[in-house]
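Notes follow the structure.
The values are calculated or read from the model by the stated rules, or taken from the named source; none is laboratory data. Computed from a predicted model, the values in this text were never measured in an experiment. Every residue, glycine among them, receives a Cβ derived from its backbone with ideal geometry; neighbour counts consider all protein chains shown.
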Amino acid sequence: MNPLFVKVHGNDNVAIIVNPEGVAPGARFANGLTAAEAIPQSHKITLTPLAAGAPIIRYGEVIGHLLSGVDAGRWIREDLLTLPAAPLLDQLQLATRKFAPPEPLIGYTFDGYRNADGSVGTRNMLGITTTVQCVAPTVEYAVRRIEAEILPKYPNVDGVVAVTHSYGCGVAIDAPGARIPIATLGHISRHANIAGDPLVVSLGCEKMQPGRLLPFFEPNVIRLQDNRGFAATVSAICEQAEKRLVELNKRRRAAVPASELNVGLQCGGSDAFSGVTCNPAVGFFADLLVRAGGTILFSEVTEVRDAVHLLTPRCADEATARKLIAEMLWYDEYLAKGGADRSANTTPGNKRGGLANIVEKALGSVAKAGSGPIQHVATHGEKVTAKGLVFAATPASDFICGTQQLASMNLHVFTTGEGTPYGLAMVPVAKVSSRTALAEKWPDLIDIDAGTIATGSQTIEEVGWQLFHYLLDVASGRKKTWAEQWRLHNALAPFNPGPVT
């Protein structure tokens, strides 16, 4: 491959290297630029000479200022830059963008499971939820028994999922912060993919009693402290599980409109290509699903904070914009209480993949949100019922973000540049790579390769449509994601900003 770089915006004074092996000193690009040093794939090269203090511009935005001057063709690394201040939250434009109504996308359906509460599942699973970590090993043992001895008799059921977690006791259960994990776990326990009707296993003495986890709902509860020993408890769980499996096995898929899809978007192991390839392609997919009447959730507060000035003008109205600002402010204060700030977000892998700082990462991250208006902002622990594009506030941690989004989504799209085998037990997780090199390295973990955009063999629009059709097949059960096939399921990690006692 000839030396190749990608420049995103006309005002950018840096570009990123496309070649998988990077470029060597003296490599000459088609525009006449010569690399002054070896530069790895996905890292930034200067397009012109730049003086000390000059802004480094990528995506048309300032991602830092140079500590010393550099010539054209130089490698721009984190240690050469200062970190810009975050956008001031009291100086943002609010709902100033005007949007023409998008052309409806009609006629697209998937085969899903309609539930009594009006939700639609993409899978048909038995759910066994827990009120406290104490009972998790017992439930997981019972699930292994159910899968081996009982589930084979019920071929129309996709599987058994244990909703286990680290919460439920030893916490200040009435503290304001406790609302978030309790609400999140309550919504997950009534997830569309378990028909909204779980079995519940409780210890008996925990702070998060079943009535607190699932108010206004009377589940079938098995209390360990009411049973005579471990074997009796497992037998009780298996007996109730089989009764539920009999009912679940009667369920059949039926054609439902694509508007019933609630898709969570997340990135992990991001690199400098994420904002060029996979995230824009997912953003195009997001626009398609919104046009079809569906719901898109994008999240990760610290990976939105430095690009929030691009989002508040896109809010449907001023009230929604102010909600978005309130979520940014809440998280600023949360980090400050812990002696941290948004710069703690970037990982060694992000930096290895060419991301200099959180500003550059955030500008690429928000590309997942597509181009349309933000219709709703949901706070931590809130179940999203709105249609259209929604910002659902979560931490950026993959596992905590996924847990919070799980409360509302029936499909998950996860973009990655460096790679991660992340998955969830309750919903299919589709992986989209930013680089073809990663897709080739992990052919049995990456579902969609968006790296083809960087080399010009596919467009953002083509990969976005590819993802749209693929997800309709996944939602219908006609295809499984690699994470599903390998049963790669990360543990739930509810966000608990409250005190532990």
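Tabulated data for the structure shown
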{"read-out": "From the options A241, A286, residue that is of a type in the set (A, V, I, L, M, F, W, C), assigned to a helix (DSSP H, G or I) and outside the structural domain of Q458 (by TED's automatic domain parsing)", "value": "A241"}
{"read-out": "Pick from the range 437-451, criterion in a helix (DSSP H, G or I) and free of Cβ contacts under 8 Å to residues at least 24 places away in the same chain, ranking: surrounded by the most Cβ atoms within 10 Å (Cβ to Cβ)", "value": "L438"}
{"read-out": "Test: residue in the range 261-280 that is buried (at least 19 other Cβ atoms within 10 Å of the Cβ), over 30 Å from A85 (Cα atoms), among the aliphatic types (A, V, I, L, M) and modelled with pLDDT of 95 or more", "value": "yes"}
{"read-out": "Test for Q209: is it closer than 25 Å to P494 by Cα, out of contact with any Cys (no Cβ under 8 Å at 6 or more places or on another chain) and modelled with pLDDT of 95 or more", "value": "yes"}
{"read-out": "Complete set of residues in the range 291-308 that are out of contact with any Asp or Glu (no Cβ under 9 Å at 6 or more places or on another chain) and surrounded by fewer than 24 Cβ atoms within 10 Å (Cβ to Cβ)", "value": "A292, V308"}
{"read-out": "Residue match in the range 191-198 (condition: modelled with pLDDT of 95 or more, in contact with a Ser or Thr (Cβ under 9 Å, 6 or more places away or on another chain) and either in the same structural domain as L424 (by TED's automatic domain parsing) or more than 30 Å from A286 (Cα to Cα) (or both))", "value": "yes"}
{"read-out": "Conditions (1) among the β-branched types (V, I, T); (2) surrounded by fewer than 20 Cβ atoms within 10 Å (Cβ to Cβ); (3) under 30 Å from E260 (Cα atoms): number failed by T82", "value": "(3)"}
{"read-out": "Enumeration of residues in the range 297-310 that are of a type in the set (A, V, I, L, M) and over 18 Å from the mean Cα position of the chain (by Cα)", "value": "L310"}
{"read-out": "S299 vs. criteria touching a Cys at 6+ places or on another chain (Cβ under 8 Å) and at pLDDT 95 or above", "value": "yes"}
{"read-out": "Meets criteria (under 21 Å from C267 (Cβ atoms) and touching a Gly at 6+ places or on another chain (Cβ under 9 Å)) for N350", "value": "yes"}
{"read-out": "Pairs with Cβ under 8 Å, 6+ apart, first in the range 32-54 and at positive phi and outside the structural domain of G354 (by TED's automatic domain parsing), second surrounded by 22 or more Cβ atoms within 10 Å (Cβ to Cβ) and of a type in the set (G, A, S)", "value": "S42/A272; S42/G353; S42/G354; S42/G417"}
{"read-out": "Residue in the range 44-64 that is surrounded by fewer than 18 Cβ atoms within 10 Å (Cβ to Cβ), touching a Lys or Arg at 6+ places or on another chain (Cβ under 9 Å) and among the β-branched types (V, I, T) present", "value": "no"}
